[in-house]
């Protein structure tokens, strides 16, 4: 909705005579009016991006989110499941005492206190101000210590030379990678982002949004219906929350 | 009596043969690494479940042993035991050599070894790995200065101070190495503070076993006298260290056995349940029986304890037992399924809920053995170039006090 | 005596000349790179500046994009590729990994200058387009 909005706003903002006065009120206005940040603006910690996954809606045997992610980021089958990259996977959880079965997608949980960020010797594994955990493959040396540290087994190592990578998802041999929360989409669309997994989901089980904004759909739903963190005992405060587990 | 140090002649056919054989292993290791890097890691047994494999078993073993090998020098300078003083130079050399071999493996196994400069210039100080890079580089520098202080007569007076720095540094280093595993909250087998002190005691044991072997071999091959008093002192110390490791292993498992949370992992590692057979065998037969109890018997038995061949054999067993221990810690700890949903049965396309399988590839073993050979090549070359080895270590020279008592 | 001396001089001059000619011919074998035309009239910075400093711009932008999410187009590698890597008449893009790498904007110069870059170990070396997907390996 807001591309025109932004542009007209920016024109007024930039062209206005009282630029200084505008600057002082701008932050408040920006939050309410502008949904996507301008391309040249740095991300900030006023937002914390997260996902809400409703496992009750997940279909048995459904793999659509995985296929959608693979397609978006150019992940392919190469040398078999042991070494192929899996940024998102479908996990089946069975309670052995009640036989209750749950299906859920598992990916990088984008922890607030991410163990992978703590252990990375070069700082290649890092958390952006807006809560998205990424690997800077320019400085990743491929030591795999982050893979040892991640409690969600969310990371993959690139075990071979790759070709035909997607322009939006650079990936290469000898580095570690994981779910980026579709950061290329987030930087473009902000609050209106639909991640590739959510886009592919026909069950409407994945919702993206700003956990810091009480007015966002994700925050409203979490407030009303609640949500669970996987391995909450570790105190990592993941940005991915689940319902129905 | 003044100890005379002299380089070995190093012109015999045996010397060149040793050099050649070790060199071939080094070349094979480098070739394997090159192959791994140009093809990618898919040709190894390592994968997204077992991310650290055979190279890390060798590398961590050698790095741990490196700090332990320095012990003899520390005992002589820090604790002022003169009987160990003649051995101090070799102790320092072996420490540097083992560390170099271990780091060679670690670096060549990286996904991007070409970016080593990044690791050396960009540090995340919350990472114990980053601290270890500083600790490893520091040990090279400190021990090199230490050896210099010991070798240069004018600087002998500083060797005690530098020795003290080296001793503290090596304790920090092994604490750091153990903490690589101790600091991992995610996995059942790690996340234990005892890892750090356990690795320190493991370093005492592995380092001394290698030291004793190298000492006996170099004196036997260079036909220099090596007195029984020196050997006896070292082998008794080695026995204490082996027992010390067993104590820490016992404390670690007892703690785990008390906590229900860890019962799954203990059954996996100690009883071989849930596909842990290889690890329980390596633990009981490799590490405990052949790597600890048998060497202890050999070291302390009145007959075998006096036989150098048997002492060498015991040392080899301790080294192999140490490698088995590393394997169970590093590979076993990763193979055991992660408790992502405690108490639930989990399955997925990514190996959730099942024990990960690992078959080390030839390339990984070649790289690991190549790193070990690299350490020995360094020692073999260094004792020919610089005066590391005392000319005579017979009891009358090396240990006049004990020698006069026994005669 | 003097005649033979003169003969040797002549011979060596001839040989020297031949060598020079051969080396000239050899150097002619490495022709200056033919830099493919990009889209539009003018690059994001003056051409001389880009020739000298493109790596600085790319490195700076790289860190800003990676860590701060700044995706302005001016110094973005993706935009370099979108503009400078053009399809031939058959609709195929040159690739740094392919046999036609000398037609790739980046590779044409970099292989001439013997400066190895590993950008395209990870980054796409062509714009995303249906024709790019045609050559995709399974």
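Where a number appears in this text, it was derived from the coordinates with a stated rule and is not lab data. None of the values given here were measured: they were computed from a predicted structure. Every residue, glycine among them, receives a Cβ derived from its backbone with ideal geometry; neighbour counts consider all protein chains shown.
In which sequence would B:389, A:104 go, from the one with the fewest C-beta neighbours within 10 Å to the one with the most?
Numbers: B:389 25, A:104 22.
Fewest-to-most ranking of B:389, A:104: A:104, B:389.
Limiting things to C-alpha atoms, what are the Rg and the maximum Cα-Cα separation (Dmax) for segment C:40-84, in angstroms?
In order Rg, Dmax, the Cα atoms of segment C:40-84 give 10.6, 32 Å.
Between residue C:43 and residue B:34, what is the spin-label point distance in nm, taking each point 7 Å from the Cα along the Cα→C-beta axis?
Label at residue C:43, label at residue B:34, 3.7 nm between them.
How much mean residue ellipticity at 222 nm does chain B get from its helices, if each DSSP H run of length 4 or more adds -39500 (n - 2.57) and you divide by all residues, to the nearest 500 deg cm²/dmol?
Counting only the DSSP helices, I get -21000 deg cm²/dmol.
Let me know the shape class of segment B:190-318, please: from the alpha-carbon gyration tensor, a ≥ b ≥ c as square roots of the eigenvalues, rounded when a/c is under 1.5, otherwise prolate if a/b is greater than b/c, or oblate.
prolate
Using only Cα atoms, what is the ratio of the radius of gyration of segment B:66-150 to 2.2 N^0.38 Å? Can you show the working numbers first?
Values: Rg = 15.1 Å, N = 85, 2.2 N^0.38 = 11.9 Å.
The value comes to 1.27.
Normalised by the residues of chain B, what does the relative contact order come to in percent, with Cα pairs under 8 Å and at least six apart?
Numbers: 639 pairs, mean separation 128.8, N = 407.
Dividing the mean separation by the residue count of chain B yields 32 percent.
Counting each pair of different Cα atoms once, what's the Kirkwood radius of segment A:158-221 in Å, rounded to one decimal?
For segment A:158-221, inverting the mean 1/r across all distinct Cα pairs yields 13.8 Å.
Give me the number: length gained by fully extending residue B:2 to residue B:362, i.e. 0.36 nm times residue separation minus the C-alpha to C-alpha distance, one decimal in nm.
Result for the pair: 124.7 nm of gain on full extension.
Do you know the relative contact order of segment A:36-109, to the nearest whole percent, from alpha carbon pairs under 8 angstrom that are 6+ apart?
For segment A:36-109, the relative contact order is 28 percent.
For B:140-150, what's the mean count of beta carbons from other chains sitting within 10 Å of each residue's beta carbon?
Working: counts 0, 0, 0, 0, 0, 0, 0, 0, 0, 0, 0.
Per residue, the number of nearby Cβ atoms from other chains is 0 on average.
Just want the ordering: B:292, B:394, from fewest to most Cβ atoms lying within 10 Å of their own Cβ. Mind showing how you got there, number by number?
On the way: B:292 22, B:394 17.
Final ranking by Cβ density, sparse to dense: B:394, B:292.
How fast does the protein assembly as shown diffuse by Stokes-Einstein, in µm²/s, taking the Kirkwood radius from C-alpha pairs at 20 °C and 1.002 mPa s?
Using the Kirkwood radius from Cα pairs, D works out to 71 µm²/s.
When a/c reaches 1.5 or more, the comparison of a/b and b/c decides; with that in mind, is segment B:101-226 rounded, prolate or oblate per its Cα gyration tensor? Each step should come with its number before you reach the end.
Numbers: a/c = 1.78, a/b = 1.54, b/c = 1.16.
Verdict is prolate for segment B:101-226.
Could you give me D for segment B:1-111, from Stokes-Einstein at 20 °C and 1.002 mPa s, where the hydrodynamic radius is the Kirkwood radius over C-alpha pairs? Units µm² s⁻¹, please.
Numbers: Rh = 16.6 Å.
Reported coefficient: 129 µm²/s.
Provide, for q = 0.08, 0.09, 0.18 Å⁻¹, the log10 of I(q)/I(0) from a solvent-free Debye sum over equal Cα point scatterers in segment A:49-243.
Debye output, listed in q order: -0.25, -0.32, -1.37.
If you average the sequence gap of Cα pairs under 8 Å that are 6 or more apart and divide by the length of segment A:49-243, what percent do you get for the contact order?
31
What does the structure give for B:333-339 when I average, per residue, the other chain Cβ atoms found within 10 Å of the residue Cβ?
Partner-chain Cβ atoms within 10 Å, mean over residues of B:333-339: 2.
Using the 10 angstrom Cβ neighbour count as an exposure proxy, how do A:67, A:92 rank, fewest first?
On the way: A:67 15, A:92 19.
With the sparsest Cβ surroundings first, the list reads A:67, A:92.
Evaluate peptide B:123-131: per residue, the Cβ atoms of other protein chains within 10 Å of its Cβ; return the mean as an integer.
6
Could you tell me how far the Cα centroid of segment B:122-156 sits from the Cα centroid of segment B:173-217, in Å?
Using only Cα atoms to place each centre, the spacing works out to 18 Å.
Using the C-alpha atoms of segment C:88-127, what convex hull volume per residue, in cubic angstrom, is computed?
So the per-residue hull volume is 65 Å³.
Please work out whether chain B counts as rounded, prolate or oblate from its C-alpha gyration tensor, where a ≥ b ≥ c are the square roots of the eigenvalues and a/c under 1.5 means rounded, while otherwise a/b larger than b/c means prolate and anything else oblate?
Note, shape of chain B comes out prolate.
Sort A:162-169, B:75-82, B:109-116 by the packing proxy (mean of other Cβ within 10 Å over each peptide's residues), most packed first.
B:109-116, A:162-169, B:75-82
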